[in-house]
Amino acid sequence: MSRTPVIVGNWKMHNTVGDALQLVRALKVKFLGVSGVEIGVCPTFVLLPAVIDALKESNIGVGGQNMYFENKGAFTGEVSPVQLKDLGCKYVILGHSERRQFFGETDELVSKKAKVAHSHGLIPIVCVGEKLDQRESGLTEEIVGKQVDGSLDGLTKEEMSKTIVAYEPVWAIGTGKVATTEQAQAVHAFIRELLRKKFDAAVAAEVRIQYGGSVKPDNAKGLLSQNDIDGALVGGASLKADDFSAIVKAAI
Ligand code: PEP
């Protein structure tokens with residue numbers, strides 16, 4: 001089964017409207033006519049209208065970096081799936097390690113959000129990954145296994161097939177320390193096997209599993225050529241048009 005690679009930029013809490021427009025205008029030109037790879041960017045909520053407008057009729061999808069699971073109501077500071085969909089979002093990142101670490105997000109909450117995202121036609125990018133001490137204690141499979149199981153609980157096979165999983169070892173995020181191609185491939189294969197057991201072989205074969213953690217133009221090709229690495233979730237390098245473009249092109 002051939003899976004279309006998917007490269008998504010996670011801008012985190014960076015860029016003003018001016019910066020964002022400059023970046024996406026450059027990306028639009030760089031990706032003109034590029035095919036065989038799915039491309040997305042996830043700016044902060046306040047940038048979404050401007051970015052979505054600037055990327056109309058382009059081959060770049062847009063997503064949120066988080067969302068709440070209720071459609072509307074008295075939830076000060078939150079953004080709903082209805083609002084993301086209404087703006088024209090395609091993706092939503094859920095359970096990023098920074099959300100788990102700084103905002104207390106749990107697997108249970110992530111699974112609830114993932115289910116709701118699907119019910120609104122948003123593609124959830126569900127992030128999992130172990131911390132450095134957990135890897136060093138040999139707990140990678142236990143931790144990632146628990147996150148995969150809990151964060152994807154309750155999804156139907158059809159929903160799971162459309163879900164993107166991002167394996168992001170926490171020790172590699174924003175640190176410049178990338179996982180080796182062998183380390184990343186091993187965890188990706190482990191995740192795919194878990195999906196086979198939890199859902200079925202067809203679902204496992206279809207799900208795209210991104211790697212995330214200090215992906216740069218010089219390491220992208222090695223990672224993306226691994227059997228079970230179907231794309232990348234890119235933080236720092238997605239803020240530079242040349243770097244993000246080189247990573248996208250390494251996926252083709
Ligand atoms: C991320 O935030 O998802 C990420 C992978 O960041 P970076 O590429 O900067 O390590």
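Each reported figure results from applying straightforward, stated rules to the coordinates on display, with no laboratory input. Since the structure is predicted, the reported quantities are computational estimates derived from the model, not experimental observations. Quick reminder, even Gly has a Cβ in these numbers, built from the backbone with ideal geometry, and neighbours come from all protein chains shown.
Selection among 45, 22, 35 by position relative to the dipole of the stretch 1-55 gives 35 as farthest towards the positive end (Cβ unit charges, Cα centre). Taking the charge dipole of the chain about its Cα centre, with +1 at Lys and Arg Cβ atoms and -1 at Asp and Glu Cβ atoms, the residue from 95, 215, 167 reaching farthest to the positive side is 215. In a reduced charge model with +1 at each Lys and Arg Cβ and -1 at each Asp and Glu Cβ, the chain shows a dipole moment near 520 debye about its Cα centre. For the stretch 39-51, backbone phi angles converted through the Karplus equation (6.51, -1.76, 1.60; θ = phi - 60°) give residue-by-residue couplings of 10, x, 10, 10, x, 5, 3, 5, 8, 4, x, 5, 5 Hz, Gly and Pro being listed as x.
Listing 151, 2 from fewest to most neighbouring C-beta atoms within 10 Å gives 2, 151.
The amide H of residue 105, built 1.01 Å from its N in the peptide plane, has 100 as neighbours under 5 Å, considering only residues 5 or more places off or on other chains. Loop-located chymotrypsin sites (Phe, Trp or Tyr not before Pro) in the stretch 50-89 (DSSP state not H, G, I, E or B) with no more than 16 neighbouring Cβ atoms inside 10 Å: 75. Mean separation of Cα pairs under 8 Å and 6 or more residues apart, divided by the residue count, gives the stretch 1-95 a relative contact order of 28 percent. Phi angles across the stretch 219-231 convert, under the Karplus curve 6.51 cos²θ - 1.76 cosθ + 1.60 with θ = phi - 60°, into 3J(HN,Hα) values of 10, 5, 4, x, 5, 6, 8, 6, 3, 9, 9, 10, x Hz, Gly and Pro given as x. Between amide H atoms placed 1.01 Å from N, distances below 5 Å from residue 212 occur with 167, 168, 233, all of them 5 or more places distant or on a separate chain.
Annotation: amide H of residue 91 within the under-5 Å range of 62, 63, 64, 123, sequence separation 5 or more or interchain, hydrogens built in the peptide plane. Note on residue 46 and residue 136: their simple-model spin labels are 3.8 nm apart, each label 7 Å out from Cα toward Cβ.
How big is the gap, in Å, between the Cα center of the stretch 148-183 and the Cα center of the stretch 71-89? Here the answer is 24 Å between Cα centres. Placing unit charges on the Cβ atoms only, positive for Lys and Arg and negative for Asp and Glu, gives the stretch 181-252 a dipole magnitude near 100 debye about its Cα centre. The Cα center of the stretch 1-56 and the Cα center of the stretch 122-136 differ in position by 23 Å.
Straight Cα distances below 27 angstrom link residue 28 to the lysines 12, 56, 85, 90, 162, 216, 221, 240, 249, with same-chain residues fewer than 8 positions distant left out. Net charge dipole, the stretch 136-182: roughly 160 debye, given to the nearest 20, about the Cα centre with Cβ charges of +1 for Lys and Arg and -1 for Asp and Glu. The helix-only estimate of mean residue ellipticity at 222 nm for the chain, built from DSSP H runs of length n ≥ 4 each weighted as -39500 (n - 2.57), is -13000 deg cm²/dmol after division by the residue total.
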